[in-house]
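Nothing in this text is a laboratory measurement; each read-out follows from the coordinates by a stated rule. Note that the coordinates shown come from a computational prediction; the quantities given were computed from them, not determined experimentally. Don't worry about glycine lacking a Cβ; one is built from the backbone with ideal geometry, like all the others, and counts go over all protein chains shown.
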Amino acid sequence: MTAHQLAAESTDELEKRHLRYLREELPGRMLVILDGSTPAGAIGYWEIHEAGEKAWETGWSVLPEHHGGGFARLALQELLTVVRVDGRHAEIHAYPSVDDAPSNALCRGAGFTLRETRPFAFRGGELLSNAWVLPL
């Protein structure tokens, strides 16, 4: 699940981030992706500052046994509907690793435009990512 990231998020980091969502310190939401009633992954969106403007960022993960089932595509379509209705921001961004071909294909297929490739500070290191953007 973390093959395209530098490291897994520690249990402590995950709990702290989750609590920030619950206390609404981090505008956005995390959602469970379901295969029927079985959890298949997660997708979320949160507020970022990009080029001096507030925008949404999105990210997702699908459990390996559910890869290739179209779950991320359907979840992203639903998430885009939610953020468009919300209306707070004009854009949504995604930053998959350059090596994450499925996530980059998902961005392309959902209509995102590749803005640039750049390194990002991430979990104690630097991750080379594609910066995708979609006007809402």
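Mind giving me the nanometre distance, one decimal, between the label points for E47 and D12, set 7 Å out from Cα along Cα→Cβ?
With each label point 7 Å from Cα toward Cβ, the separation is 2.8 nm.
What do the square roots of 5 times the Cα gyration tensor eigenvalues come to for the chain, in whole Å, largest first, as semi-axes of the equivalent ellipsoid?
For the chain, the semi-axes come out at 20, 18, 18 Å.
Sort V62, V133, V83 so the one with the fewest other Cβ atoms within 10 Å of its own Cβ comes first.
Final ranking by Cβ density, sparse to dense: V133, V83, V62.
Would you mind calculating the gained length between A101 and T81 on full extension (0.36 nm times residue separation, minus the Cα-Cα distance), in nm to one decimal?
4.8 nm
Any idea what the dipole of region 11-135 comes to, in debye rounded to 20, about its Cα centre with Lys/Arg Cβ at +1 and Asp/Glu Cβ at -1?
Magnitude of the dipole: close to 220 debye.
Stretched out fully, how many nm does the piece from D35 to K54 gain, at 0.36 nm a residue minus the Cα gap?
Taking 0.36 nm per residue and subtracting the Cα distance, the gain is 3.6 nm.
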